[in-house]
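The values are calculated or read from the model by the stated rules, or taken from the named source; none is laboratory data. This is a predicted model, so every value here is computed, not measured. Methodologically, a virtual Cβ is constructed for each residue, glycine included, from the backbone with ideal geometry; neighbour enumeration extends over all protein chains shown.
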Amino acid sequence: RRDFLTSTSAAILTAGALSHTSIRQAFAQVPASQARLAMPPRLDTRQTGRLALTATPGKTGFAGGPEGATAGFNQAYLGPTIVMQNGDLDAELRNALDEPVSAHWHGLLVPGEHDGGPHLPIAPGAVWRPAMTIAQDPATIWYHSHIHERTAKQVYFGLAGVIHLTDGRDDDRGLPSDYGLDDLTLVLQDRRFDQAGRMVYNPSMMDVMHGFAGNRMLVNGQAGATAVVPQGMVRLRLLNGANARICTLFFDDARPMHLVATDGGFVAEPIALKMLRLSPGERAEVLVDFAEGGAPILLSDPGQAYGVMQFAVDPRLTARITSIPDQLDGVVDDLPLADAGTRQVSLDMGMGGMGGMGMGGMGMGGRGMGSMGMGRGGFGINGRPYDMRRIDFRVALGSVEKWRIRSTMVAHPFHVHGIRFRVLSENGGPPRPENTGWKDTVLVAGETEIIARFDQPAREDTPFMFHCHILEHEDAGMMGQFTVT
Ligand code: C2O
Ligand code: CU
Ligand code: CU
């Protein structure tokens, strides 16, 4: 056990510059009982039009390590994969924790009053009942708690899950859709484990500057997992659910990933990629061909490669889909560039004015978590740190805007609530392939221009957020808010 822990934490994870053999050995050492990748349970709302989630405390041991306090929706860590379709959905969110939480639907296009952001906290013991109407293209979305200054810790300890918004037409599209068989949901998160194998969250000031990084990669809460797949085409729905880590994913045998969907839905035609970059908050759906078998390892970060997960082909499983569709019905609607006004957004990370951190006692379940304690003045947007009482700007309902976003010091994954956008340019050039579809989060490293139509309303009391999705940056003030009226 101990050995397993050490060797895995060294090799499956982030320790850097490991040989391919040592990564492969690390996967081989995972005890069989822990090796097989499990999917989050599925919660299908399509028949009832109802969704019931309870934010609940739990205890979780990872990779054979000791149990520690975690939190999840309806379970001890993370939440179910919610299956939804367009139409009415009556949700009921309960909070069984002893601190406020929220349920933000990241990627769902709903009005501000249903968005679940920082203005919609659910007090301990309370219930929130948004009656939503969903009308958008099928997509892989996610949900997570979003309480200002607590988002990083709450998501870290498990308050997040995936949503499949589906129209039931994936067979017509020629896409795999058997959950857990040829359609895998993969929540990628790095987490930090101490010597004893317990998951910890103890950000230092440097961790806040760079975002909190783990020393071990988890997929759906498992380390060193192997997904058993049929000998055909497999769809991977990838969510970067890390607090701060930017992943650049590739297979050790260089097999391609065929990108079929980005944050906001399908692309127009599959895009073959050798590497896929995914920053916190982003989703991508890819098809991977296992017809030739093999046991490839999904790695991240060429040059500093670490293992994310392994695949094993079981020829006894039926492969329903064996080819890549030529095209998909992703709408690539050209927004009217000419009528769009431009808004400047700068993601600031000045060094001045950072106060003491004061971040002791971050265990889940305690009330005394306090704030991140960053001095105001370091992290902000357009020169100002987030203030819940200040509306940063107002957007006219139905208008189209171009945003020019600039990053300082490091790359920041930039996310906007209430819209899906298209990326117009990155540092003056065309967007990278990953960013050519509908997006709601994009990694800004320099200057990125996006365009969107703002067609969801958001009032003054429940405005939409825009922020860096490095959760430590967000909590430290790299966030703003706007109304749409
Ligand atoms: Cu993923 Cu403002 O959130
Ligand atoms: Cu969001
Ligand atoms: Cu940031």
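Given the condition surrounded by fewer than 19 Cβ atoms within 10 Å (Cβ to Cβ), of a type outside the set (V, I, T), more than 16 Å from ligand 2 (Cβ to nearest atom) and within 22 Å of A242 (Cα to Cα), answer yes or no: does some residue in segment 410-423 qualify?
Here is the first cut: in segment 410-423, the ones surrounded by fewer than 19 Cβ atoms within 10 Å (Cβ to Cβ) are 410-411.
Of the ones still in play, those that are also of a type outside the set (V, I, T) are 411.
Filter once more, so that each one left must be more than 16 Å from ligand 2 (Cβ to nearest atom): 411.
Still in the running and within 22 Å of A242 (Cα to Cα): 411.
Checked segment 410-423: at least one residue is surrounded by fewer than 19 Cβ atoms within 10 Å (Cβ to Cβ), of a type outside the set (V, I, T), more than 16 Å from ligand 2 (Cβ to nearest atom) and within 22 Å of A242 (Cα to Cα).
Of all residues in segment 94-105, count the ones that are closer than 25 Å to F482 by Cα and either within 16 Å of ligand 3 (Cβ to nearest atom) or over 20 Å from the mean Cα position of the chain (by Cα) (or both).
We begin by selecting, within segment 94-105, every residue closer than 25 Å to F482 by Cα; these are 100-105.
Restricting the remaining residues to those that are either within 16 Å of ligand 3 (Cβ to nearest atom) or over 20 Å from the mean Cα position of the chain (by Cα) (or both) gives 100.
Residues in segment 94-105 being closer than 25 Å to F482 by Cα and either within 16 Å of ligand 3 (Cβ to nearest atom) or over 20 Å from the mean Cα position of the chain (by Cα) (or both): 1 in total.
Are any residues in segment 40-89 in contact with a Pro (Cβ under 9 Å, 6 or more places away or on another chain), of a type in the set (A, V, I, L, M, F, W, C) and more than 27 Å from Q29 (Cβ to Cβ), and if so, which ones?
Residues satisfying the conditions are L43, L53, A69, A71, F73, L89.
Mind checking which residues of segment 253-302 are of a type in the set (D, E), under 20 Å from I419 (Cα atoms) and more than 16 Å from ligand 1 (Cβ to nearest atom)? Please lay out each step first, then the result.
To start, the set of residues in segment 253-302 that are of a type in the set (D, E) comprises 253, 263, 269, 282, 285, 289, 292, 301.
Now restrict to residues that are under 20 Å from I419 (Cα atoms): 263, 282, 285.
Passing the criteria: only E285.
Checking R389 against (1) more than 16 Å from ligand 3 (Cβ to nearest atom); (2) more than 22 Å from A244 (Cβ to Cβ); (3) touching a strand residue (DSSP E or B) at 6+ places or on another chain (Cβ under 8 Å), which single condition isn't satisfied?
(3)
Restricting to segment 173-196, name every residue that is of a type in the set (D, E, K, R) and either within 20 Å of the chain's Cα centre (by Cα) or within 25 Å of D326 (Cβ to Cβ) (or both).
Keep residues of segment 173-196 that are of a type in the set (D, E, K, R), which gives 173, 178, 182-183, 190-192, 194.
Passing the criteria: R173, D178, D182, D183, D190, R191, R192.
State all residues of segment 432-485 that are touching a helix residue (DSSP H, G or I) at 6+ places or on another chain (Cβ under 9 Å), outside any strand (DSSP E or B) and within 13 Å of ligand 2 (Cβ to nearest atom); if no residue qualifies, say none.
Q456, P463, L471, E474 - these are the residues of segment 432-485 that are touching a helix residue (DSSP H, G or I) at 6+ places or on another chain (Cβ under 9 Å), outside any strand (DSSP E or B) and within 13 Å of ligand 2 (Cβ to nearest atom).
Within the set of pairs 6 or more residues apart or between chains, which connect a residue that is within 12 Å of N95 (Cβ to Cβ) and part of a loop (DSSP other than H, G, I, E, B) inside segment 110-123 to a residue that is among the hydroxyl-bearing types (S, T, Y) and more than 12 Å from ligand 1 (Cβ to nearest atom) with Cβ atoms less than 9 Å apart?
The qualifying pairs are L120/T462.
F379 - would you say it is aromatic (F, W, Y), within 16 Å of ligand 3 (Cβ to nearest atom) and surrounded by 17 or more Cβ atoms within 10 Å (Cβ to Cβ)?
Numbers: aromatic (F, W, Y): yes; within 16 Å of ligand 3 (Cβ to nearest atom): yes; surrounded by 17 or more Cβ atoms within 10 Å (Cβ to Cβ): yes.
The answer is yes for F379.
Which of the residues spanning segment 33-63 are among the charged types (D, E, K, R) and assigned to a strand (DSSP E or B)?
Going through segment 33-63, the residues among the charged types (D, E, K, R) turn out to be 36, 42, 44, 46, 50, 59.
If the condition is that a residue be among the charged types (D, E, K, R) and assigned to a strand (DSSP E or B), then R36, R42, D44, R50, K59 are the ones that fit.
Which one of the conditions (1) small (G, A, S); (2) out of contact with any Pro (no Cβ under 9 Å at 6 or more places or on another chain); (3) within 16 Å of ligand 3 (Cβ to nearest atom) does G330 fail to meet, given that it meets all the rest?
G330 satisfies all of (1) small (G, A, S); (2) out of contact with any Pro (no Cβ under 9 Å at 6 or more places or on another chain); (3) within 16 Å of ligand 3 (Cβ to nearest atom) except (3).
Give just the number: which of (1) over 20 Å from the mean Cα position of the chain (by Cα); (2) part of a strand (DSSP E or B); (3) not polar (S, T, N, Q) does V83 not satisfy?
Of the numbered conditions (1) over 20 Å from the mean Cα position of the chain (by Cα); (2) part of a strand (DSSP E or B); (3) not polar (S, T, N, Q), the odd one out for V83 is (1).
Considering segment 203-230 alone, what residues qualify as being within 19 Å of the chain's Cα centre (by Cα) and farther than 26 Å from K59 by Cβ?
V208, H210, G211
Could you please find all residues in segment 268-289 being in contact (Cβ under 8 Å) with a residue 60 or more places away in the chain, assigned to a strand (DSSP E or B) and in contact with a His (Cβ under 6 Å, 6 or more places away or on another chain)?
Within segment 268-289, just L287 meets the criteria.
Looking only at segment 126-155, which residues are closer than 14 Å to A55 by Cβ and either within 14 Å of the chain's Cα centre (by Cα) or polar (S, T, N, Q) (or both)? Step through it out loud before you land on a result.
The initial filter retains those residues of segment 126-155 that are closer than 14 Å to A55 by Cβ, namely 126-128, 143-147, 150-151, 153-155.
Those that are closer than 14 Å to A55 by Cβ and either within 14 Å of the chain's Cα centre (by Cα) or polar (S, T, N, Q) (or both): Y143, H144, S145, H146, T151, Q154, V155.
I need the full set of residues from segment 109-145 which are within 25 Å of Y386 (Cβ to Cβ) and in contact with an Asp or Glu (Cβ under 7 Å, 6 or more places away or on another chain), in order please.
Taking segment 109-145 first, the residues within 25 Å of Y386 (Cβ to Cβ) are 109-124, 126, 128, 130, 141-145.
Selection gives H119, P124.
Okay, residues lined up against (1) within 12 Å of ligand 1 (Cβ to nearest atom); (2) at pLDDT 95 or above; (3) farther than 26 Å from P57 by Cα; (4) of a type in the set (V, I, T):
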{"residue": "Q136", "(1), (2), (3), (4)": "no, yes, yes, no"}
{"residue": "A139", "(1), (2), (3), (4)": "no, yes, yes, no"}
{"residue": "W142", "(1), (2), (3), (4)": "yes, yes, no, no"}
{"residue": "H146", "(1), (2), (3), (4)": "yes, yes, no, no"}
{"residue": "E149", "(1), (2), (3), (4)": "no, yes, no, no"}
{"residue": "A160", "(1), (2), (3), (4)": "yes, yes, no, no"}
{"residue": "T166", "(1), (2), (3), (4)": "no, yes, yes, yes"}
{"residue": "D170", "(1), (2), (3), (4)": "no, yes, yes, no"}
{"residue": "G174", "(1), (2), (3), (4)": "no, yes, yes, no"}
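Scanning for something modelled with pLDDT of 95 or more, loosely packed, with under 14 Cβ neighbours inside 10 Å and among the hydrophobic types (A, V, I, L, M, F, W, C), does segment 430-443 turn up at least one residue?
no
Criterion first (buried (at least 17 other Cβ atoms within 10 Å of the Cβ) and among the small types (G, A, S)) does A55 satisfy it?
Details: buried (at least 17 other Cβ atoms within 10 Å of the Cβ): yes; among the small types (G, A, S): yes.
Yes.
Mind checking whether some residue in segment 309-317 is modelled with pLDDT of 95 or more, within 20 Å of G214 (Cβ to Cβ) and either surrounded by fewer than 14 Cβ atoms within 10 Å (Cβ to Cβ) or of a type in the set (A, V, I, L, M) (or both)?
yes
Going by the conditions given, is Q34 more than 21 Å from the chain's Cα centre (by Cα) and modelled with pLDDT under 95? Even if it seems obvious, please write down each step before you answer.
Numbers: more than 21 Å from the chain's Cα centre (by Cα): yes; modelled with pLDDT under 95: yes.
Yes.
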